[in-house]
1. Going Cα to Cα from residue B:42, which lysines come in below 22 Å? Please leave out same-chain ones fewer than 8 positions away.
2. Compute, for the protein assembly as shown, the length of the dipole vector about the Cα centre, with Cβ point charges of +1 (Lys, Arg) and -1 (Asp, Glu) only. Units Debye, rounded to 20.
3. Kindly state, to the nearest 0.05, the FRET efficiency for residue B:133 paired with residue B:45, given R0 = 25 Å and r defined as their beta-carbon distance.
4. Quick one: give the max-minus-min coordinate of the C-alpha atoms of segment B:15-152 along each principal axis, largest first, in Å.
5. Over all directions, how big on average is the projection of the convex hull of the alpha-carbon atoms in the protein assembly as shown, in square nanometres?
6. I'd like the mean, over residues of A:21-27, of how many other protein chain beta carbons sit within 10 Å of each residue's own Cβ.
7. Given labels modelled 7 Å from the Cα in the Cβ direction, how far is it in nm from residue B:119 to residue A:143?
8. List the equivalent ellipsoid semi-axes of segment A:5-47 in whole Å, largest first, each obtained as the square root of 5λ for an eigenvalue λ of the Cα gyration tensor.
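Just so you know, all these numbers are worked out from the coordinates, no wet-lab data involved. Remember, it's a predicted structure, so these values are computed and weren't measured experimentally. Cβ sites come from the backbone with ideal geometry, for glycine too, and all protein chains shown count toward neighbours.
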Amino acid sequence: MIGKYFYFRTEEDADDDSAITGHSAMFPVNKLRGVIPTNTGSAGTSADEVTLYFEPVATEESNGGGDYIIMDSVLLNVTVGQAKNVCKALAEAANGHPHSDGVITVADDQTIIIGGAAGSATAEVLHSGITSCGAITLAPAIT
Amino acid sequence: MAKENLMLYFRGAGITDEDDDDGIAAGTGVEDLTSLMIPASKLRAIVPGGSTSTIKMYFDSVRNWFGDDGTATEITTADYVILTVTAGKLREAMTDVIQAINGYPHDTGFLVIADDVTTNVAGNTVAAEYVSQYITGIAANNIQVLGPHNGS
């Protein structure tokens with residue numbers, strides 16, 4: 001196995017799965033920098049989001065002049081009380097199945113195929129604690 | 001030999017109830033986390049944590065790659081977790097962490113270094129979990145992950 005990749009898609013309709021930043025992405029597992037559970041909407045309630053940070057896709061260095069580079073990220077919506085289990089599932093997937101094709105679908109919200117009707121596809125998640133794929137944030141290349 | 005993509009897990013740093021695992025420790029804000037999973041490959045070093053009863057694990061920055069060189073506050077520094085350990089047992093705790101990282105080649109790839117939680121979301125009592133008998137917890141507000149640079 002050369003490398004494993006995490007796949008994410010937040011766009012429900014395949015007709016709209018087209019944006020370079022935001023609709024779907026496949027990141028190498030070995031570019032993962034960390035995973036942070038949060039509940040930004042309700043402090044004092046266990047995490048309902050898990051954010052995965054990856055090394056930036058579009059930019060490797062800056063020539064200065066006020067540029068800065070942060071990690072790309074993918075937010076997963078999770079069931080309260082399941083954040084640790086989701087982390088564990090991610091770790092197990094990243095290290096398991098040595099004879100798989102290398103693609104690990106973490107969250108795919110697609111429910112409509114190209115030209116299809118609602119419900120023509122079934123959303124897919126790695127773990128039942130993941131309720132959907134949230135924002136996929138890729139910083140644009142520095143120009 | 002460690003798993004290829006072994007992940008280390010930390011939870012606590014002042015909270016023991018899973019209800020409070022909201023990502024913001026009692027300290028300040030986005031830099032003081034309540035839990036973190038991070039690849040073992042991002043570990044930079046383990047050093048004493050400033051006392052005879054703490055160790056500090058440094059990691060590559062989770063959120064930042066490169067700061068704005070025109071802004072003094074945008075230096076990209078390593079993230080870290082400070083663990084409390086039995087006094088005088090720093091080397092032993094460090095050794096246990098590294099042995100766990102490099103052991104169990106057929107395990108799942110998910111390694112709990114320290115989990116202070118003793119009450120789960122359902123309100124049931126659960127056992128705290130530590131990878132070493134010498135680790136006693138995560139120091140309050142010391143799962144430290146630098147907030148993202150924003151150019152200011």
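1. A:4, A:31, A:84, A:88, B:3, B:56
2. Numbers: 14 positive and 38 negative charges, 233 e Å.
Roughly 1120 debye for the protein assembly as shown.
3. Values: r = 22 Å, r/R0 = 0.89.
So, using R0 = 25 Å, E works out to roughly 0.65.
4. Each principal axis gives a Cα extent; for segment B:15-152 these are 47, 35, 33 Å.
5. 16.7
6. 0
7. A separation of 5.4 nm, rounded to one decimal place.
8. 25, 17, 7
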